[in-house]
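> Dropping the structure in here first, questions after.
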Amino acid sequence: GWPVIAPSALPYAQDWPVPTEMTVDDIRRSLDHLVAAVRRARDAGFKLLELHGAHGYLIHQFLSPLSNTREDDYGGSFENRCRFLLETVDAVRSEWPQELPLFLRLSITDWVDGGWTVEDSVRLANILEEKNEVDLIDCSSGGNDPRQQIPIHPGYQVPLAREVKARSKMMTAAVGSVSYTHLT
């Protein structure tokens, strides 16, 4: 494939490639590329944009202490691990009109001890609510660590969305095995 980069040089699992830890210049370049993609989406007439910060994608990797062991401004504390996402949202909003919706898909929990938790997601949702740049958190879970123990059943992520909404006032949605009967 291609060179693998990540917040930290930690493979997803045994026998997976060890990614190169991103430098601050790599982070800046990734934000520049994202802004260019947002500009193209806007110019093409898209009316809704969703950032994917779940399932072990780059934003999720920065958020989770399981995949982010950095010791700089992008790692360690909760605030530092959130920095990449918050800079991403700011960068996106520099090109995405305020009147058009911006959604953020999050893994609300890693389902692994020591990983990203519902409490972390609620705390982040409150920060996002205060910034008023994200219109909805699209609630998913897992995908960042092979040790995850996800209790999959119909509607299993609906309680996660309810919890984030109740404790942050952010609009939320749930994905994955959802039917109308689980939303009422």
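The values are calculated or read from the model by the stated rules, or taken from the named source; none is laboratory data. This one's a predicted model, so the numbers in the text were calculated from it and none came from an experiment. For neighbour counting, all protein chains shown are included, and Cβ atoms are generated from backbone atoms with ideal geometry for every residue, glycine included. Heads up: the accessible areas ignore ligands, DNA and RNA and are worked out on the full protein's heavy atoms, side chains in. Shrake-Rupley method; radii C 1.70, N 1.55, O 1.52, S 1.80 Å.
> Can you tell me the order of 65-74, 115-124 when each peptide is scored by its average per-residue count of other Cβ atoms within 10 angstrom, highest first? Present the calculation step by step, with values, prior to reporting the outcome.
Numbers: 65-74: 17.0, 115-124: 19.8.
Descending packing order for the listed peptides: 115-124, 65-74.
> When a/c is below 1.5 the answer is rounded, else prolate if a/b is larger than b/c, else oblate, so apply that to the chain with a ≥ b ≥ c taken from the square roots of the Cα gyration tensor eigenvalues. If you can, show how the numbers build up before the last one.
On the way: a/c = 1.58, a/b = 1.07, b/c = 1.47.
Oblate, because a/c is 1.5 or more while a/b does not exceed b/c.
> Radius of gyration and Dmax for segment 56-147's Cα atoms, expressed in Å?
Just the Cα atoms of segment 56-147 yield Rg and Dmax of 12.9, 40 Å.
> Testing the spin-label approximation: label points 7 Å from Cα along Cα→Cβ at HIS55 and VAL18. State their distance in nm.
My value for the distance between the label points is 2.8 nm.
> Something else about it: What is the local net charge at ASP26, summed over the other residues whose Cβ is closer than 15 Å to its Cβ (Lys, Arg +1; Asp, Glu -1)?
Values: positive: ARG28, ARG29, ARG70, ARG83; negative: GLU21, ASP25, ASP32, ASP72, ASP73, GLU87.
Spelling it out: positives minus negatives among the neighbours equals -2.
> Rounded to the nearest percent, how much of the accessible area of the chain (1.4 Å probe, protein heavy atoms only) is carbon and sulfur? Don't skip to the answer; put the middle values down first.
On the way: 5180 of 9630 Å².
Carbon and sulfur: 54 percent of the exposed surface of the chain.
> Compute the relative contact order of the chain as a whole-number percentage, counting only Cα pairs closer than 8 Å that sit 6 or more residues apart in sequence.
Reported relative contact order: 19 percent.
> Which of the peptides 3-9, 14-20 is most tightly packed, and how do the rest follow, judged by the mean count of other Cβ atoms within 10 Å per residue?
Numbers: 3-9: 16.4, 14-20: 11.1.
With the highest mean Cβ count within 10 Å placed first, the list reads 3-9, 14-20.
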